[in-house]
(Lines give C-alpha, C1' and ligand atoms only; values in the text may rest on other atoms or scores of the structure.)
Protein backbone atom coordinates (compact mmCIF):
# COMPACT_ATOMS: atom_id res chain seq x y z
CA UNK A 1 0.00 0.00 0.00
CA UNK A 2 1.44 3.35 -1.02
CA UNK A 3 0.94 6.23 1.40
CA UNK A 4 1.39 9.78 0.18
CA UNK A 5 1.88 12.62 2.67
CA UNK A 6 2.50 11.58 5.68
CA UNK A 7 -16.99 -14.57 4.64
CA UNK A 8 -19.29 -16.77 5.74
CA UNK A 9 -21.67 -15.82 8.54
CA UNK A 10 -21.55 -12.10 7.82
CA UNK A 11 -24.94 -10.41 8.12
CA UNK A 12 -25.60 -7.67 5.58
CA UNK A 13 -28.14 -4.86 5.62
CA UNK A 14 -29.70 -3.22 2.60
CA UNK A 15 -30.35 0.35 3.66
CA UNK A 16 -31.07 3.57 1.73
CA UNK A 17 -27.78 5.22 2.67
CA UNK A 18 -25.67 2.41 1.17
CA UNK A 19 -24.23 3.51 -2.16
CA UNK A 20 -24.08 1.04 -5.04
CA UNK A 21 -21.42 1.58 -7.68
CA UNK A 22 -20.91 -0.22 -10.97
CA UNK A 23 -17.24 -0.89 -10.27
CA UNK A 24 -16.48 -1.77 -6.67
CA UNK A 25 -12.71 -1.40 -6.89
CA UNK A 26 -11.47 1.49 -4.78
CA UNK A 27 -8.96 3.78 -6.48
CA UNK A 28 -7.85 5.78 -3.43
CA UNK A 29 -8.58 6.54 0.21
CA UNK A 30 -7.86 10.04 1.49
CA UNK A 31 -7.65 10.47 5.26
CA UNK A 32 -7.98 13.84 7.00
CA UNK A 33 -7.87 14.05 10.80
CA UNK A 34 -10.31 16.77 11.84
CA UNK A 35 -9.89 16.50 15.63
CA UNK A 36 -7.08 15.07 17.74
CA UNK A 37 -5.48 15.83 21.12
CA UNK A 38 -2.55 17.41 19.25
CA UNK A 39 -2.80 20.24 16.70
CA UNK A 40 0.66 19.82 15.24
CA UNK A 41 2.23 22.89 13.63
CA UNK A 42 -1.07 24.01 12.10
CA UNK A 43 -3.60 26.80 12.60
CA UNK A 44 -6.21 24.23 13.64
CA UNK A 45 -7.64 23.50 17.08
CA UNK A 46 -7.12 20.43 19.29
CA UNK A 47 -9.05 18.87 22.15
CA UNK A 48 -9.11 15.52 23.91
CA UNK A 49 -10.99 13.59 21.27
CA UNK A 50 -10.91 12.20 17.76
CA UNK A 51 -12.65 12.76 14.44
CA UNK A 52 -11.45 11.44 11.07
CA UNK A 53 -12.77 12.04 7.56
CA UNK A 54 -12.30 9.25 5.01
CA UNK A 55 -12.89 10.14 1.33
CA UNK A 56 -13.13 7.01 -0.81
CA UNK A 57 -12.88 7.21 -4.60
CA UNK A 58 -13.95 4.32 -6.82
CA UNK A 59 -12.55 3.58 -10.27
CA UNK A 60 -15.75 4.76 -11.95
CA UNK A 61 -15.42 8.17 -10.25
CA UNK A 62 -17.99 7.58 -7.48
CA UNK A 63 -17.11 9.18 -4.14
CA UNK A 64 -18.15 7.96 -0.69
CA UNK A 65 -17.33 9.97 2.45
CA UNK A 66 -17.40 8.85 6.07
CA UNK A 67 -17.04 10.92 9.21
CA UNK A 68 -15.59 8.63 11.86
CA UNK A 69 -16.32 10.05 15.34
CA UNK A 70 -17.06 13.69 16.14
CA UNK A 71 -14.64 14.78 18.86
CA UNK A 72 -15.64 16.06 22.28
CA UNK A 73 -17.33 19.43 21.86
CA UNK A 74 -18.48 19.95 18.28
CA UNK A 75 -16.98 23.44 18.44
CA UNK A 76 -13.47 22.25 17.55
CA UNK A 77 -14.79 19.96 14.81
CA UNK A 78 -16.89 22.67 13.14
CA UNK A 79 -14.21 25.36 13.44
CA UNK A 80 -11.57 23.05 11.97
CA UNK A 81 -13.92 22.09 9.14
CA UNK A 82 -14.47 25.78 8.42
CA UNK A 83 -10.72 26.44 8.33
CA UNK A 84 -10.29 23.47 5.98
CA UNK A 85 -13.16 24.71 3.72
CA UNK A 86 -15.20 21.57 4.33
CA UNK A 87 -18.99 21.41 4.16
CA UNK A 88 -20.41 19.65 7.26
CA UNK A 89 -23.14 18.16 5.04
CA UNK A 90 -20.84 16.44 2.57
CA UNK A 91 -20.59 13.13 4.45
CA UNK A 92 -22.61 10.11 3.33
CA UNK A 93 -22.56 8.55 6.80
CA UNK A 94 -21.31 9.17 10.33
CA UNK A 95 -19.78 6.18 12.15
CA UNK A 96 -19.24 6.14 15.92
CA UNK A 97 -16.42 3.99 17.26
CA UNK A 98 -17.96 3.84 20.77
CA UNK A 99 -19.99 5.89 23.23
CA UNK A 100 -17.36 7.90 25.12
CA UNK A 101 -17.85 11.68 25.20
CA UNK A 102 -14.54 12.45 23.45
CA UNK A 103 -15.76 10.59 20.35
CA UNK A 104 -19.48 11.40 20.39
CA UNK A 105 -19.71 14.78 22.13
CA UNK A 106 -19.75 16.75 18.89
CA UNK A 107 -22.47 14.71 17.21
CA UNK A 108 -25.61 16.61 18.18
CA UNK A 109 -24.04 19.97 17.37
CA UNK A 110 -22.82 18.60 14.03
CA UNK A 111 -26.32 17.34 13.14
CA UNK A 112 -27.68 20.80 13.89
CA UNK A 113 -25.50 21.99 11.00
CA UNK A 114 -25.97 19.07 8.60
CA UNK A 115 -29.59 18.04 9.05
CA UNK A 116 -30.47 14.35 9.24
CA UNK A 117 -27.62 11.94 8.53
CA UNK A 118 -27.29 8.19 9.03
CA UNK A 119 -25.36 7.47 12.23
CA UNK A 120 -24.01 3.92 12.45
CA UNK A 121 -23.00 2.43 15.79
CA UNK A 122 -23.24 -0.63 18.06
CA UNK A 123 -26.50 -0.95 20.10
CA UNK A 124 -24.59 -0.52 23.39
CA UNK A 125 -23.95 3.09 22.39
CA UNK A 126 -26.93 3.91 24.64
CA UNK A 127 -25.64 2.11 27.76
CA UNK A 128 -24.54 4.17 30.78
CA UNK A 129 -20.78 4.54 31.05
CA UNK A 130 -18.82 5.33 34.19
CA UNK A 131 -15.22 5.03 35.34
CA UNK A 132 -13.25 4.43 38.51
CA UNK A 133 -10.15 6.61 38.70
CA UNK A 134 -8.19 5.92 41.87
CA UNK A 135 -11.36 5.28 43.87
CA UNK A 136 -13.15 8.35 42.51
CA UNK A 137 -16.20 7.53 40.38
CA UNK A 138 -16.83 9.50 37.20
CA UNK A 139 -20.29 9.48 35.65
CA UNK A 140 -21.83 10.43 32.32
CA UNK A 141 -18.78 9.53 30.23
CA UNK A 142 -21.03 8.53 27.35
CA UNK A 143 -24.24 9.81 25.79
CA UNK A 144 -26.69 11.53 28.12
CA UNK A 145 -30.40 10.76 27.83
CA UNK A 146 -30.86 14.23 26.34
CA UNK A 147 -28.20 13.49 23.71
CA UNK A 148 -29.92 10.26 22.69
CA UNK A 149 -33.27 12.01 22.38
CA UNK A 150 -31.74 14.81 20.31
CA UNK A 151 -29.91 12.27 18.14
CA UNK A 152 -33.11 10.35 17.42
CA UNK A 153 -34.80 13.59 16.42
CA UNK A 154 -32.01 14.88 14.17
CA UNK A 155 -30.31 11.76 12.82
CA UNK A 156 -31.07 8.33 11.38
CA UNK A 157 -29.70 6.04 14.07
CA UNK A 158 -28.63 2.62 12.74
CA UNK A 159 -27.54 0.27 15.53
CA UNK A 160 -25.97 -3.07 14.60
CA UNK A 161 -23.95 -5.71 16.42
CA UNK A 162 -23.21 -7.34 13.07
CA UNK A 163 -20.71 -6.04 10.50
CA UNK A 164 -22.28 -3.83 7.87
CA UNK A 165 -20.94 -3.10 4.38
CA UNK A 166 -21.70 0.63 4.04
CA UNK A 167 -20.47 0.79 0.44
CA UNK A 168 -18.57 -1.73 -1.71
CA UNK A 169 -15.44 -2.74 0.23
CA UNK A 170 -16.19 -0.32 3.09
CA UNK A 171 -17.05 -2.11 6.34
CA UNK A 172 -18.45 -1.08 9.70
CA UNK A 173 -16.78 -3.78 11.81
CA UNK A 174 -19.64 -4.43 14.25
CA UNK A 175 -19.03 -6.14 17.58
CA UNK A 176 -15.39 -7.20 17.77
CA UNK A 177 -14.60 -10.77 18.88
CA UNK A 178 -12.19 -10.66 21.83
CA UNK A 179 -9.44 -13.14 20.95
CA UNK A 180 -6.37 -11.19 22.10
CA UNK A 181 -6.12 -9.82 25.65
CA UNK A 182 -7.67 -6.33 25.84
CA UNK A 183 -7.77 -5.96 29.63
CA UNK A 184 -5.38 -2.99 29.44
CA UNK A 185 -7.99 -1.09 27.34
CA UNK A 186 -11.09 -1.57 29.55
CA UNK A 187 -9.47 -1.20 32.97
CA UNK A 188 -11.54 0.97 35.31
CA UNK A 189 -14.60 1.34 33.07
CA UNK A 190 -18.02 0.60 34.57
CA UNK A 191 -21.64 0.36 33.47
CA UNK A 192 -25.09 -0.17 34.99
CA UNK A 193 -26.77 -3.56 34.58
CA UNK A 194 -29.76 -4.89 36.52
CA UNK A 195 -29.50 -2.13 39.12
CA UNK A 196 -25.81 -2.82 39.78
CA UNK A 197 -22.63 -1.04 38.72
CA UNK A 198 -20.41 -3.66 37.07
CA UNK A 199 -17.23 -3.73 34.95
CA UNK A 200 -17.83 -2.53 31.40
CA UNK A 201 -16.30 -4.64 28.63
CA UNK A 202 -17.03 -1.84 26.12
CA UNK A 203 -18.62 -4.19 23.57
CA UNK A 204 -19.69 -1.14 21.56
CA UNK A 205 -16.07 -0.35 20.64
CA UNK A 206 -15.57 -0.97 16.92
CA UNK A 207 -14.00 0.46 13.77
CA UNK A 208 -14.09 0.74 9.98
CA UNK A 209 -12.12 -1.20 7.34
CA UNK A 210 -11.68 -0.01 3.75
CA UNK A 211 -10.35 -2.58 1.28
CA UNK A 212 -7.94 -1.17 -1.29
CA UNK A 213 -6.73 -3.96 -3.58
CA UNK A 214 -5.07 -6.63 -1.43
CA UNK A 215 -4.63 -4.25 1.50
CA UNK A 216 -6.95 -2.38 3.87
CA UNK A 217 -7.07 0.90 5.78
CA UNK A 218 -8.48 0.49 9.30
CA UNK A 219 -9.97 3.34 11.35
CA UNK A 220 -9.87 2.86 15.13
CA UNK A 221 -11.36 5.25 17.69
CA UNK A 222 -10.05 4.24 21.12
CA UNK A 223 -9.46 0.52 20.60
CA UNK A 224 -11.10 -0.59 23.85
CA UNK A 225 -11.73 -3.91 22.07
CA UNK A 226 -7.96 -4.25 21.75
CA UNK A 227 -6.35 -2.98 18.56
CA UNK A 228 -5.19 -6.52 17.75
CA UNK A 229 -8.81 -7.73 17.85
CA UNK A 230 -9.91 -4.83 15.63
CA UNK A 231 -7.16 -5.68 13.13
CA UNK A 232 -8.16 -9.35 13.15
CA UNK A 233 -11.82 -8.47 12.49
CA UNK A 234 -10.77 -6.20 9.62
CA UNK A 235 -8.76 -9.04 8.08
CA UNK A 236 -11.66 -11.48 8.40
CA UNK A 237 -14.07 -9.12 6.64
CA UNK A 238 -11.79 -7.88 3.87
CA UNK A 239 -9.71 -11.01 3.26
CA UNK A 240 -6.52 -8.96 2.87
CA UNK A 241 -3.01 -9.72 4.09
CA UNK A 242 -1.78 -6.19 4.87
CA UNK A 243 -3.31 -3.48 7.05
CA UNK A 244 -2.65 0.18 7.84
CA UNK A 245 -4.20 1.45 11.09
CA UNK A 246 -5.20 5.04 11.85
CA UNK A 247 -6.51 6.36 15.17
CA UNK A 248 -6.24 5.83 18.91
CA UNK A 249 -4.67 2.61 20.24
CA UNK A 250 -5.43 3.08 23.97
CA UNK A 251 -1.93 2.33 25.20
CA UNK A 252 -1.45 5.51 27.26
CA UNK A 253 -1.56 3.51 30.51
CA UNK A 254 -0.26 0.21 29.16
CA UNK A 255 3.07 -1.15 30.36
CA UNK A 256 6.06 -1.53 28.07
CA UNK A 257 5.59 -5.30 28.01
CA UNK A 258 1.91 -4.90 27.08
CA UNK A 259 2.72 -2.54 24.21
CA UNK A 260 5.49 -4.86 23.02
CA UNK A 261 3.01 -7.76 23.02
CA UNK A 262 0.44 -5.69 21.11
CA UNK A 263 3.05 -4.67 18.53
CA UNK A 264 4.06 -8.31 18.08
CA UNK A 265 0.40 -9.28 17.54
CA UNK A 266 -0.08 -6.49 15.02
CA UNK A 267 3.04 -7.52 13.11
CA UNK A 268 1.77 -11.12 12.98
CA UNK A 269 -1.60 -9.86 11.68
CA UNK A 270 0.08 -8.02 8.80
CA UNK A 271 -0.16 -4.47 10.14
CA UNK A 272 2.55 -2.72 8.13
CA UNK A 273 2.14 0.81 9.51
CA UNK A 274 0.53 2.78 12.30
CA UNK A 275 -0.84 6.33 12.15
CA UNK A 276 -1.41 6.81 15.88
CA UNK A 277 -2.63 9.54 18.17
CA UNK A 278 -5.33 10.45 20.72
CA UNK A 279 -5.25 7.78 23.48
CA UNK A 280 -2.10 6.03 22.22
CA UNK A 281 -0.14 8.11 24.74
CA UNK A 282 3.52 9.07 24.93
CA UNK A 283 4.60 5.73 26.35
CA UNK A 284 2.70 3.80 23.69
CA UNK A 285 4.23 5.99 20.99
CA UNK A 286 7.72 5.43 22.43
CA UNK A 287 7.44 1.64 22.41
CA UNK A 288 5.65 1.41 19.06
CA UNK A 289 8.33 3.63 17.52
CA UNK A 290 11.04 1.31 18.76
CA UNK A 291 9.35 -1.56 16.91
CA UNK A 292 7.78 0.13 13.87
CA UNK A 293 10.38 2.85 13.31
CA UNK A 294 9.48 5.16 10.41
CA UNK A 295 6.32 3.11 9.82
CA UNK A 296 4.85 4.82 12.89
CA UNK A 297 3.43 8.26 12.19
CA UNK A 298 1.95 10.67 14.74
CA UNK A 299 -1.43 12.09 13.76
CA UNK A 300 -2.77 15.52 14.68
CA UNK A 301 -5.62 17.86 13.75
CA UNK A 302 -5.09 18.47 10.02
CA UNK A 303 -3.03 15.31 9.47
CA UNK A 304 -3.46 13.89 5.95
CA UNK A 305 -2.63 10.55 4.36
CA UNK A 306 -3.48 9.22 0.90
CA UNK A 307 -3.61 5.49 0.21
CA UNK A 308 -3.51 4.35 -3.43
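The values are calculated or read from the model by the stated rules, or taken from the named source; none is laboratory data. Remember, it's a predicted structure, so these values are computed and weren't measured experimentally. Please note: Cβ atoms are built from the backbone with ideal geometry, for glycine as well, and neighbour counts cover all protein chains shown.
Worth a mention:
- Residue 14 surrounded by fewer than 20 Cβ atoms within 10 Å (Cβ to Cβ) and either part of a loop (DSSP other than H, G, I, E, B) or modelled with pLDDT of 95 or more (or both): yes
- Hey, residue 243 within 12 Å of the chain's Cα centre (by Cα) and part of a strand (DSSP E or B) or not: no
- Count of residues meeting criterion [under 30 Å from residue 186 (Cβ atoms), modelled with pLDDT under 95 and in a loop (DSSP other than H, G, I, E, B)] in segment 107-134: 5
- Within segment 159-174, none of the residues are modelled with pLDDT under 95, part of a loop (DSSP other than H, G, I, E, B) and crowded, with 19+ Cβ neighbours inside 10 Å.
- Tally, over segment 180-210, of residues that are within 18 Å of residue 240 (Cβ to Cβ) and touching a helix residue (DSSP H, G or I) at 6+ places or on another chain (Cβ under 7 Å): 2
- All conditions in (1) more than 17 Å from the chain's Cα centre (by Cα); (2) over 20 Å from residue 280 (Cβ atoms) hold for residue 175, with the sole exception of (1).
- Index of the failed condition, residue 253 passing every other in (1) in a helix (DSSP H, G or I); (2) over 14 Å from the mean Cα position of the chain (by Cα): (1)
- Filtered by the rule that a residue be on the phi > 0 side of the Ramachandran plot and buried (at least 24 other Cβ atoms within 10 Å of the Cβ), segment 223-274 gives 223, 226, 247, 250.
- Taken together, the residues in segment 264-276 that are farther than 13 Å from residue 243 by Cα and in a helix (DSSP H, G or I) amount to 1.
- Failed item, numbered, when residue 156 is tested on (1) more than 16 Å from residue 66 (Cα to Cα); (2) surrounded by fewer than 18 Cβ atoms within 10 Å (Cβ to Cβ): (1)
- At least 1 residues being on the phi < 0 side of the Ramachandran plot and more than 16 Å from the chain's Cα centre (by Cα) is the threshold, and among the strands (runs of 3 or more DSSP E) wholly inside segment 21-96 those reaching it are 26-35, 51-58, 63-68.
- Within segment 141-158, being touching a helix residue (DSSP H, G or I) at 6+ places or on another chain (Cβ under 7 Å) and assigned to a strand (DSSP E or B) holds for one residue alone: 157.
- Condition check for residue 302: assigned to a loop (DSSP other than H, G, I, E, B), within 19 Å of the chain's Cα centre (by Cα) and at positive phi: yes
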